[in-house]
Amino acid sequence: MSSDEISHVSSRDNPLLKELRKLAHDPAAYRKSGRVWLEGDHLCRAAQERGVRAAIAVFAASFPASARDEWAEAAARTVVVEDALLAGVSGLESPAPMGFVVDLPARPAIVSDAPTVVLDRLQDAGNVGSILRSAAAFGFRQVVAIKGTAALWSSKVLRAGMGAHFGLRLIEGVDADALEALDVPWIATSSHRGEWLHRSVLPYPCAWLMGHEGRGLSEALEARAAHHVRIAQPGGEESLNVAAAAAICLHASAVTAPGS
């Protein structure tokens, strides 16, 4: 890549840096800009491996030119930013020396028969990102987030998802009525009702319903679920973190699915 193909930024007031600061710190900024900020080589590589071409590749000035050349075909534009300015964009304790700006994917339609995870107003970005990782790991390629759930493409959820976003159909901001498009059994988790998970014959494909960290599933969704299950906790804890519960449930589905 020749030097005339690279833009250099040395002003804090540069429009791109202003956009990156918003994307890094405002969870909903991507909805307005239509773009997402991926900070660090792990997320960038995960996107690249899934065929995502970045709109802009951003590098700190100290990032080695030879390493930068490895990403030459990964983006339409390359921008080099003074180290202190790029560090000022970051939401991390140890800022990464590179990142991608990628276009926000168009929201797909719900696939009626896909193995699905439904997120009902989950608030914690770390929980949401962790569930996305579990969904991708265990073959649940569709995630539907009901309005009130943490923004799926926010920087915190992206970091917690560790690249899972790029292998999933992500449908966010829907009303609960949109779930009527799912033509698979719904399974609700509960700490006080239903069969024990380890004794259950689980339908597949299915839709696992994961509820708010404090209040759980809405009464309406819980009432419409075809199955209710509980996770045995021999240690005596009252309940599990929702991300931990999701990992256990999705794994249980994966190992009992046809062809597993």
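The values are calculated or read from the model by the stated rules, or taken from the named source; none is laboratory data. Everything quoted here is computed from the prediction, not taken from an experiment. Cβ coordinates were reconstructed from backbone atoms using ideal geometry, including for glycine residues, and neighbour counts include every protein chain displayed.
In table form, for the structure just shown:
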item	result
Qualifying residue in segment 234-243 (condition: out of contact with any helix residue (DSSP H, G or I) (no Cβ under 6 Å at 6 or more places or on another chain), on the phi < 0 side of the Ramachandran plot, surrounded by 13 or more Cβ atoms within 10 Å (Cβ to Cβ) and not in a loop (DSSP other than H, G, I, E, B))	no
Search result, residues across segment 211-231 that are of a type in the set (D, E, K, R) and within 25 Å of the chain's Cα centre (by Cα)	GLU213, ARG215, GLU222
Residue within segment 10-26 that is farther than 18 Å from PRO95 by Cβ, among the charged types (D, E, K, R), touching a residue at least 12 places away in the same chain (Cβ under 8 Å) and surrounded by fewer than 16 Cβ atoms within 10 Å (Cβ to Cβ) present	no
Residue in segment 124-131 that is in a helix (DSSP H, G or I), more than 21 Å from SER90 (Cβ to Cβ), within 9 Å of the chain's Cα centre (by Cα) and polar (S, T, N, Q) present	yes
Matching entry among GLY148, GLY173 (being on the phi > 0 side of the Ramachandran plot, in the same structural domain as ARG224 (by TED's automatic domain parsing), outside any loop (DSSP other than H, G, I, E, B) and surrounded by fewer than 20 Cβ atoms within 10 Å (Cβ to Cβ))	GLY173
Residue match in segment 177-194 (condition: of a type outside the set (Gly, Ala, Ser), part of a loop (DSSP other than H, G, I, E, B) and either within 21 Å of the chain's Cα centre (by Cα) or not assigned by TED's automatic domain parsing to the domain that holds LEU240 (or both))	yes
Scan of segment 21-47 for residues that are under 15 Å from LEU86 (Cα atoms) and small (Gly, Ala, Ser), ordered by number	ALA24, GLY40
Any chance ARG53 is under 11 Å from GLY99 (Cα atoms), over 15 Å from the mean Cα position of the chain (by Cα), of a type in the set (D, E, K, R) and surrounded by fewer than 20 Cβ atoms within 10 Å (Cβ to Cβ)	no
Lone unmet requirement of (1) assigned to a loop (DSSP other than H, G, I, E, B); (2) under 29 Å from GLY236 (Cβ atoms); (3) touching a Phe, Trp or Tyr at 6+ places or on another chain (Cβ under 8 Å) for TRP208	(1)
